[in-house]
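Chemist: There's a structure below that I have some questions on.
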Ligand code: CUA
């Protein structure tokens with residue numbers, strides 16, 4: 001246990017990096033606070049009324065000194081900014097090989113869905129030393145997904161996906177909190193994170209396995225909601241092809257270009273008029289009232305897989 005007096009245990013890559021930044025900021029702050037306070041005290045005593053010291057020196061300016069105390073703090077400030085900005089950008093950029101988990105926050109619990117289909121409530125099981133990307137949405141009010149030991153906290157909003165990633169580095173059990181006041185039982189919207197050895201995680205995944213994987217459930221939904229009728233290449237195709245779409249830029253009717261990420265897919269499924277693709281008509285029905293959040297994430301996982309080498313291996317037909 002590396003639990004310090006000030007911080008929870010460091011159990012993720014991010015925790016080590018962010019703590020270093022935090023201690024760096026603290027160090028600079030403490031150093032300058034002490035420097036100023038000590039000089040203040042020393043001068044107050046030395047030049048107090050009645051002390052016999054030389055008071056004849058007049059302010060003349062001292063260029064070298066002024067440059068020094070301007071340039072050094074400037075460099076320190078720029079350095080801290082660069083350091084913080086780098087960690088922020090890294091924290092917003094999940095690695096490509098990250099495992100995709102979907103989180104739904106609601107009054108007052110967390111629901112989590114694994115790619116293999118397993119769903120869990122108020123618990124999060126993850127393998128150690130593997131980047132994990134969370135795609136999160138709320139079913140009602142604003143919540144905030146907070147794992148202190150990983151130093152990650154991200155608001156979970158109704159009507160929009162937010163994402164967060166982490167890589168756990170220590171096997172163990174950690175707290176999961178909601179960090180946004182979300183109503184009467186906000187305080188009980190807590191859960192547990194279990195970081196496991198990869199083999200143990202696999203065992204956990206396959207234990208009491210429910211239905212199919214997110215992909216297979218997504219594939220079923222894709223035909224249940226008749227997405228395939230319009231999005232399959234052929235004479236009846238009336239919507240854009242979805243193969244290989246994920247992660248690519250899409251040109252819209254209004255000339256704008258957007259990236260086809262999870263949030264774009266979510267919005268386009270629920271509110272198809274919001275961003276109509278160039279060259280197509282806004283004829284797709286709205287699915288906002290028909291698709292539950294966990295189904296939506298299954299559909300999105302399915303669409304993400306379309307056109308990838310994996311989907312060809314699985315022998316799926318091209319949409
Ligand atoms: Cu959810 Cu507080």
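Chemist: So residue 218 passes all but one of these: (1) more than 22 Å from residue 137 (Cα to Cα); (2) under 25 Å from the mean Cα position of the chain (by Cα). Which condition number does it fail?
Modeler: Every condition holds for residue 218 apart from (1).
Chemist: In region 143-161, which residues are closer than 20 Å to residue 264 by Cα and surrounded by fewer than 18 Cβ atoms within 10 Å (Cβ to Cβ)?
Modeler: Kept after step one, since they are closer than 20 Å to residue 264 by Cα, are these residues of region 143-161: 154-161.
Listed by number, the residues that qualify are 155, 157, 158, 159, 160.
Chemist: When you check residue 53 against the structure, is it farther than 21 Å from residue 298 by Cβ and free of Cβ contacts under 8 Å to residues at least 12 places away in the same chain, yes or no? Give the steps one after another, and end with the answer.
Modeler: Working: farther than 21 Å from residue 298 by Cβ: yes; free of Cβ contacts under 8 Å to residues at least 12 places away in the same chain: yes.
Against the criterion (farther than 21 Å from residue 298 by Cβ and free of Cβ contacts under 8 Å to residues at least 12 places away in the same chain), residue 53 qualifies.
Chemist: Can I ask one more? Among the residues of region 201-216, are any in a helix (DSSP H, G or I), away from the ligand (no atom under 16 Å from the Cβ) and either within 24 Å of residue 15 (Cα to Cα) or at pLDDT 95 or above (or both)?
Modeler: Taking region 201-216 as the starting set, the residues that turn out to be in a helix (DSSP H, G or I) are 201-206, 214-216.
From the residues that got through so far, the ones that are away from the ligand (no atom under 16 Å from the Cβ) too are 201-206, 214-216.
Next cut, either within 24 Å of residue 15 (Cα to Cα) or at pLDDT 95 or above (or both) only: 201.
The answer is yes; a qualifying residue exists.
Chemist: Restricting to region 104-141, and then to whatever is assigned to a loop (DSSP other than H, G, I, E, B) and within 16 Å of the ligand (Cβ to nearest atom), can you tell me which residue is surrounded by the fewest Cβ atoms within 10 Å (Cβ to Cβ)? Can you show your working first?
Modeler: Looking only at region 104-141, we keep the residues that are assigned to a loop (DSSP other than H, G, I, E, B), and these are 107-108, 114-118, 122, 128-130, 139-141.
Checking the rest, the ones that are also within 16 Å of the ligand (Cβ to nearest atom) come to 107-108, 122, 139-141.
On the way: 107: 16, 108: 19, 122: 15, 139: 16, 140: 12, 141: 17.
Only one residue tops the list, namely 140.
Listed here are the residues, each with its yes/no results for (1) under 30 Å from residue 26 (Cα atoms); (2) in contact with a helix residue (DSSP H, G or I) (Cβ under 7 Å, 6 or more places away or on another chain); (3) surrounded by 11 or more Cβ atoms within 10 Å (Cβ to Cβ).
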site: 56; (1), (2), (3): no, no, no
site: 77; (1), (2), (3): yes, no, yes
site: 82; (1), (2), (3): yes, no, no
site: 88; (1), (2), (3): yes, no, yes
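Chemist: Going through region 98-123 one residue at a time, which ones are touching a residue at least 24 places away in the same chain (Cβ under 8 Å) and either within 15 Å of the chain's Cα centre (by Cα) or on the phi > 0 side of the Ramachandran plot (or both)?
Modeler: 98, 99, 100, 101, 102, 103, 104, 105, 117, 122, listed by residue number.
Chemist: Something else: Return yes or no: is residue 100 within 24 Å of residue 303 (Cα to Cα) and surrounded by 14 or more Cβ atoms within 10 Å (Cβ to Cβ)?
Modeler: Numbers: within 24 Å of residue 303 (Cα to Cα): yes; surrounded by 14 or more Cβ atoms within 10 Å (Cβ to Cβ): yes.
Judged against the criteria, residue 100 is a match.
Chemist: Let me ask something else about it. Considering only residues of region 142-170 that are more than 11 Å from the chain's Cα centre (by Cα) and farther than 20 Å from residue 126 by Cα, which is nearest to the ligand (Cβ to nearest atom)?
Modeler: Applying the filter and picking the extreme gives 143.
Chemist: Do we find a residue being surrounded by 15 or more Cβ atoms within 10 Å (Cβ to Cβ), out of contact with any helix residue (DSSP H, G or I) (no Cβ under 6 Å at 6 or more places or on another chain) and not in a loop (DSSP other than H, G, I, E, B) anywhere in region 181-190? Please lay out each step first, then the result.
Modeler: As a first pass, look at region 181-190 and keep what is surrounded by 15 or more Cβ atoms within 10 Å (Cβ to Cβ): 182, 186, 189-190.
Right, trim to out of contact with any helix residue (DSSP H, G or I) (no Cβ under 6 Å at 6 or more places or on another chain) and you get 182, 186, 189-190.
Still in the running and not in a loop (DSSP other than H, G, I, E, B): 186.
There is at least one residue in region 181-190 that is surrounded by 15 or more Cβ atoms within 10 Å (Cβ to Cβ), out of contact with any helix residue (DSSP H, G or I) (no Cβ under 6 Å at 6 or more places or on another chain) and not in a loop (DSSP other than H, G, I, E, B).
Chemist: Just one of (1) in a helix (DSSP H, G or I); (2) away from the ligand (no atom under 16 Å from the Cβ); (3) modelled with pLDDT of 80 or more trips up residue 173, so point out which.
Modeler: Among (1) in a helix (DSSP H, G or I); (2) away from the ligand (no atom under 16 Å from the Cβ); (3) modelled with pLDDT of 80 or more, residue 173 violates only (1).
One line per residue, one yes/no per condition, for (1) surrounded by fewer than 12 Cβ atoms within 10 Å (Cβ to Cβ); (2) closer than 17 Å to residue 305 by Cβ; (3) touching a strand residue (DSSP E or B) at 6+ places or on another chain (Cβ under 6 Å); (4) in contact (Cβ under 8 Å) with a residue 12 or more places away in the chain:
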residue: 235; (1), (2), (3), (4): yes, no, no, no
residue: 239; (1), (2), (3), (4): no, no, no, yes
residue: 244; (1), (2), (3), (4): no, yes, no, yes
residue: 250; (1), (2), (3), (4): no, no, yes, yes
residue: 253; (1), (2), (3), (4): no, no, no, yes
residue: 257; (1), (2), (3), (4): yes, no, yes, no
residue: 260; (1), (2), (3), (4): no, yes, yes, yes
residue: 264; (1), (2), (3), (4): no, yes, yes, yes
residue: 272; (1), (2), (3), (4): no, no, no, yes
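Chemist: Further, regarding this structure: From (1) in a helix (DSSP H, G or I); (2) at pLDDT below 85, pick out the condition that doesn't hold for residue 247.
Modeler: Failing condition for residue 247: (1).
Chemist: Which ones in region 90-100 are over 13 Å from residue 167 (Cβ atoms), out of contact with any helix residue (DSSP H, G or I) (no Cβ under 9 Å at 6 or more places or on another chain) and not in a helix (DSSP H, G or I)? Give the steps one after another, and end with the answer.
Modeler: Just the residues of region 90-100 that are over 13 Å from residue 167 (Cβ atoms), to begin with: 92, 96, 100.
Subset that is out of contact with any helix residue (DSSP H, G or I) (no Cβ under 9 Å at 6 or more places or on another chain): 92, 96.
Listed by number, the list holds a single entry, 96.
The values are calculated or read from the model by the stated rules, or taken from the named source; none is laboratory data. Quick caveat, the model's predicted, so the values are computed rather than measured. As a convention, Cβ positions derive from the backbone with ideal geometry for all residues, glycine included, and neighbour counts pool all protein chains shown.
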